[in-house]
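Just below is one structure, and these are the notes that go with it.
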Number of protein chains: 4
Amino acid sequence: MKASVIGGGGYIGGEVVRLLLQHPEVELAQVTSTRHSGRPLRAVHPNLRDQSDLTYVTDDEVRDCDVVFLAMPHGASMKGVDRWSSVAPVVVDLSADFRLTDHARRERYYRGPAPDPIWLSRFQAGIPELNREGLRGASHIAVPGCMANAAILALHPLAAAGLVDGAVLVDARTGSSGGGRTPDEGSHHPERSGALRMAKPHGHRHTAEIEQACGVPVQMSVTAIEAVRGVQVACHIRPSRTVTERELWSVYRDAYRDEPFVRLVRERSALHRLPEPKILSGTNFCDIGLALNSAGDHLVVVAALDNLVKGGAGNAVHCLNIASGWDETAGLSFAGLHPV
Amino acid sequence: MKASVIGGGGYIGGEVVRLLLQHPEVELAQVTSTRHSGRPLRAVHPNLRDQSDLTYVTDDEVRDCDVVFLAMPHGASMKGVDRWSSVAPVVVDLSADFRLTDHARRERYYRGPAPDPIWLSRFQAGIPELNREGLRGASHIAVPGCMANAAILALHPLAAAGLVDGAVLVDARTGSSGGGRTPDEGSHHPERSGALRMAKPHGHRHTAEIEQACGVPVQMSVTAIEAVRGVQVACHIRPSRTVTERELWSVYRDAYRDEPFVRLVRERSALHRLPEPKILSGTNFCDIGLALNSAGDHLVVVAALDNLVKGGAGNAVHCLNIASGWDETAGLSFAGLHPV
Amino acid sequence: MKASVIGGGGYIGGEVVRLLLQHPEVELAQVTSTRHSGRPLRAVHPNLRDQSDLTYVTDDEVRDCDVVFLAMPHGASMKGVDRWSSVAPVVVDLSADFRLTDHARRERYYRGPAPDPIWLSRFQAGIPELNREGLRGASHIAVPGCMANAAILALHPLAAAGLVDGAVLVDARTGSSGGGRTPDEGSHHPERSGALRMAKPHGHRHTAEIEQACGVPVQMSVTAIEAVRGVQVACHIRPSRTVTERELWSVYRDAYRDEPFVRLVRERSALHRLPEPKILSGTNFCDIGLALNSAGDHLVVVAALDNLVKGGAGNAVHCLNIASGWDETAGLSFAGLHPV
Amino acid sequence: MKASVIGGGGYIGGEVVRLLLQHPEVELAQVTSTRHSGRPLRAVHPNLRDQSDLTYVTDDEVRDCDVVFLAMPHGASMKGVDRWSSVAPVVVDLSADFRLTDHARRERYYRGPAPDPIWLSRFQAGIPELNREGLRGASHIAVPGCMANAAILALHPLAAAGLVDGAVLVDARTGSSGGGRTPDEGSHHPERSGALRMAKPHGHRHTAEIEQACGVPVQMSVTAIEAVRGVQVACHIRPSRTVTERELWSVYRDAYRDEPFVRLVRERSALHRLPEPKILSGTNFCDIGLALNSAGDHLVVVAALDNLVKGGAGNAVHCLNIASGWDETAGLSFAGLHPV
């Protein structure tokens, strides 16, 4: 299957390229970058040295293929969806354009034009753990935001079991790569290094995706931490009734027993007791753990993932694997490093 | 005034030494370390090179002086309090031994022997912003824990104004120096570097200090982050009635208007909108900021400080300054660095 | 082919395990750890969660298999070589025990007993780029040290071409994982974080390996830098005659044209102009670049690699691939991440 | 004495401001920034919160005062020197404009116009350890570059004693703040974090300053490391005759015995055996150490400093202290932190 990546000069697009280059069922056809057109991939992503002979092309040069991945800034996918749908029968969008199905919810978080409702209705939510059946044979897939994906996987089993009382506090921590490739004052190394910066105490856009997927009210605070890759969400929940940790684990085990990319973390050692992102760099895993206080009225569910992989490119490839009927783990077998 | 530091081989003790060496009213008399006795201070704290000719002595060698700072592991201060009270008329304790006044609350968080109630009653809480009058002329002072101090300064004005509904979630993030000087698996650089480790999702001991000082119920979660110095607490609060941000700022301004070491952070730039610890390294400041969501039902108060200074040694010196009737800022004027 | 790893609780051993678990030709049979016997692999290496059901066994429990990897402290391999050679027909040693063929050279750098000369003579140098023929069908393989491997690959082509005048200065920079798994004062995070510590200005043991392989005198200085993984060597060389950069590149291209794991870095951008280790984490690549000053009397050759992979476990697997006649890149295809 | 800072929005200018605000003999009069005119200092340098009520002014608004510090990009000082010399009787320049006295040497390293020779001749080299007498009563002072200063202090005693044979290799490592305040691709956190980037293998401009001050030929390689602040130089030297370490120490002790800001580091512990920058953050110290190999033909001299303080702003204040006849350490007493 021939795949092209639109917007392969950015960080998410670069990860799609990296994963497709090692995918047993995919041949990488073309990669676009307006800014880097004509240069070899390695000039932008030095990890791709000797991995490919491709050079970047412009969007206009893209030829028909079997699947296109759209890794462009928000707003660009909805503008180009006609074109890209004519280029390839399968379109996987990594932007926010086709994630929110409810117009009013979208309006609260995003300015600018809304997507065409017809196109919107064709997109499947790219969340394999919640929408596997919808993804089988899908032609249009919209994968969720990085922090949203972590929070959705952390919260959905509880919410579905009716175990959440009131609003959930999602305390999200994120590395610098989530901010993309364009330098600004906030990403300048002397300012960003060692940061612990609550950039968004309320109202982050990913809130909308979590509420849509889980059906519970969410307060979300986002803190930029010292890391390049990695997202961790700590979800603080008041259980709606008396539960034990044992019962909670059973809810999560039932939800994720057969999932290839969700791992439940239940260790005794404080070092690895709850998930953290550093050992997940480069992997498509979302690790989930939990802790209930002895009074039983405060539950913390912690999820971690690599924002560019399970929070973006890897999840997109997973969705394609499902849509195409391939082994779900094809091209996604990297286990992660320790120490790191 | 002659001062001695008991336990000057550790990180907090080393900071007391550093500050006293530059204090205009204090002469550093002796510094003890069981392990390093006989070695120069710089062999343990290389920043003290050329700052002092002292060598470490054992506890037994300590002579009478005007004030002793106790920077020993929890439990050691209560054992030695008779001795140290006979060595100096003023005792400043940096351990947890004399912080908790209620026996039952103490029992919930600490094992082992409790302090003698008579001695306990002599200790003043080393929180200048809450107990300035109690500290004037005090002979015995117990300074709070690093994360507790940040949370207390963040919450007390709100709690005192009756603005807190239900339990507060204190999400604390801490650098590695808070764990002290002794290497273990968790502090081994390959494991600790880049960590985002929720080491204590519930029940951290500092919870007790915050509840004691503020009189509101607290849930506290502690995450180890990539940093050597620095503590940040994000306090998530449901206001007990409708308030505006303007009104909240007025509560904080009234509380801290004349405080030399509490700064209110109210910037428009996301970069410096809320406090973060890195620019506070080496300073005695606690920076406080807040954000209320538009619905008015979720308030985040963020406080940051250097765990070894405002969270320990600097605060102890501040308390001594008040007890002695000196300029409160004596020896504590370092403004912090940027960039860093 | 059944493989067992002796000493799989350490960092190098853990990497051998990780790589073998994904190797198409290998079945991981047993992993030993004296300290962790009975625990699952993931308790020590959290990246191995859900990758294997094995638990650690003791050395005594190791059964016959096809290949053993020895990842033990220096000295242990020479003690156990009889045993391990009876356990498996192929022994790959990651320690220093069988690296140095000359007794006098060894004596200058290592204390303690020397290896039995008969066993020593059976070991092939585990440097595919220099000793590929020797490795084909080899039964005993000794892979080089991490910094030595980087320096050897950087210097050998020049030395073989007679282009080196006098002693080479090898300025090596290394992350903390090279120090192994045991915590000590120097690896304690508050001390090691942000370090730029010239731990060994002269006489590092890897000097002996570089001199043996390249036949030129070497001065080596080793600096610990802020990183967990990664080695970079900057080799400062006085050319023995007038050369151009073009001629130098041609020497390197001739040497490494067909090498799957050596990449020549020749970019115009300062950002990626010379190799650096961070994008090599987890990969088996050694990247090499060079710069000659305009006067032509000072040549800098820079090489970078992941100390635990190309500097240890990955190189060992590469050697096994050659010894076994498999595809040389089997199990070693991870391309590395960007950004990271 | 009234002081103004021209270019106080940058990193070096911000450090001058920080130091002057705490200087006992100086009143900070005005601080300029074209970009930030009208904003409070803290909006740019958050460490200055509550330290000053000043707001930035434009260069045109600067009034007469007693001393001006010029912290502008290279080229701007020579353009403005007439104006600034009329504004204040003392001018301290932190740019490179007036550092190089030899026209030919300058031409090899800098493009663009050269400074007026008359003005150039009025500037004293701002290197107290080499030019204290010249600085007394000086009206115009040009302080050296950060890496140059470290290398000059490391090499000058040896060079003056005729102990250097041939060219010295200066291997310099530098944090990101040395690159200034303007974001670019190389300073973007995901790219710069964890870097070990030999940005300049040859020909860095500071080479010229070192050769000018020390009179020996220098090869300089510059590597960007993971740090915000800090410079370390490792100087590799072939002694011109047989020397002992003892004799070398005596050369350095004679040179720096009475220097308030040069410290000789001669420890036995590998942890603190040679200087490193992290404990020097915020201080005006240059730490120097050395190691001679057993053959006596390879000497490593290591120097470390904070590039923004001893490598810039602090050194400028030190020079002003000498020029004004004040206590040399006035305003420069911060001892640095440990751990950090």
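What follows is calculated from the coordinates using simple rules that are stated; it is not laboratory data. Quick caveat: nothing in here was measured; it's all calculated off a predicted structure. In this analysis, Cβ positions are derived from the backbone assuming ideal geometry, glycine residues included, and neighbour counts consider all displayed protein chains.
Placing dummy labels 7 Å off each Cα toward the beta-carbon, the span from C:Glu27 to D:Glu107 is 7.7 nm.
Taking a ≥ b ≥ c as the square roots of the Cα gyration tensor eigenvalues, with a/c under 1.5 meaning rounded and otherwise prolate when a/b beats b/c, else oblate, which class fits the protein assembly as shown?
Verdict is rounded for the protein assembly as shown.
Angle of helix C:313-324 to the longest C-alpha principal axis of chain C, folded into 0 to 90 degrees and rounded to 10: 80°.
Once C-alpha pairs closer than 8 Å and six or more residues apart are averaged by separation and normalised to the residue number of chain C, the relative contact order reads 18 percent. Residue and distance for the chain D Cβ closest to the axis that moves D onto C, in whole Å, come to D:Glu226, 2. About its Cα centre, the dipole of chain B is roughly 580 debye, where the only charges are +1 on Lys and Arg Cβ and -1 on Asp and Glu Cβ.
Summing charges over all other residues whose Cβ lies under 12 Å from the Cβ of B:Ala335, with Lys and Arg as +1 and Asp and Glu as -1, gives +2. Per-residue shielding of D:325-335, expressed as the average number of other chain Cβ atoms within 10 Å of the residue Cβ, stands at 2.
All other residues with a Cβ under 11 Å from the Cβ of A:His318 taken together, and with Lys, Arg as +1 and Asp, Glu as -1, what is their net charge?
With Lys, Arg at +1 and Asp, Glu at -1, the net is -2.
A protection proxy built from the mean count of other Cβ atoms within 10 Å ranks the segments C:165-177, A:297-309, most packed first, as A:297-309, C:165-177. Around the Cα centre of the range A:146-305, unit charges on the Cβ atoms of Lys, Arg, Asp and Glu (plus for the first two, minus for the last two) sum to a dipole of about 220 debye. Past 19 Å, Cα to Cα, is the threshold; run C:Lys278/C:Lys310; A:Lys278/A:Lys310; C:Lys200/D:Lys200; B:Lys79/B:Lys310 against it and keep the listed order. Among C:Lys278/C:Lys310; A:Lys278/A:Lys310; C:Lys200/D:Lys200; B:Lys79/B:Lys310, the Cα-Cα distance tops 19 Å for C:Lys200/D:Lys200; B:Lys79/B:Lys310. Relative to the longest principal axis of the Cα atoms of chain B, the long axis of helix B:76-87 lies at roughly 60 degrees. Take the Cα of B:Arg241, step 7 Å toward its Cβ, do the same at B:Ile118, and the gap between the two points is 4.7 nm. Averaged over peptide C:276-288, the number of partner chain Cβ atoms lying within 10 Å of each residue's Cβ comes to 4. Counting Cα-Cα pairs of the range B:146-305 in 10 Å increments starting at 0 gives whole-percent bin shares of 11, 40, 35, 12, 2. For C:Asp254, the point set 7 Å out from Cα toward Cβ sits 5.1, 7.1, 8.5 nm from its twins in the other copies, listed from shortest up. Using the Cβ-Cβ distance between C:Arg136 and C:Trp249 with R0 set to 22 Å, the FRET efficiency works out to roughly 0.15.
Rounded, prolate or oblate: which one fits the range D:108-217, using the alpha carbon gyration tensor with axes a ≥ b ≥ c (rounded when a/c is under 1.5, else prolate when a/b beats b/c, else oblate)? Oblate is the answer for the range D:108-217, as a/c is 1.5 or above yet b/c matches or exceeds a/b.
Counting only alpha carbon atoms, the long axis of helix C:146-160 and the longest principal axis of chain C meet at about 40°. Seen from C:Ile225, the other residues with C-beta closer than 9 Å to its C-beta sum to a net charge of +1, counting Lys and Arg as +1 and Asp and Glu as -1.
Taken residue by residue and averaged, Cβ atoms of other chains lying within 10 Å of the Cβ of D:213-221 number 2. Computed from point charges on the beta carbon alone (+1 for Lys and Arg, -1 for Asp and Glu), the dipole magnitude for the range A:33-108 about its Cα centre is near 360 Debye. When chain D is described by a simple charge dipole with +1 on each Lys and Arg Cβ and -1 on each Asp and Glu Cβ, the residue from D:His204, D:Pro157, D:Ile6 located farthest towards its positive end is D:His204. For B:Lys2, the distances from its label point to the matching points in the remaining copies are 4.8, 7.5, 8.9 nm, ordered from shortest, with each point set 7 Å beyond Cα toward Cβ. With its label point defined 7 Å out from Cα along the Cα-to-Cβ axis, A:Ala104 lies at 4.8, 8.2, 8.9 nm from the matching points of the other copies, in increasing order. Taking the helices alone, the protein assembly as shown has a mean residue ellipticity at 222 nm of -8000 deg cm²/dmol, built from -39,500 (n - 2.57) per DSSP H run of at least 4 residues and averaged over all its residues.
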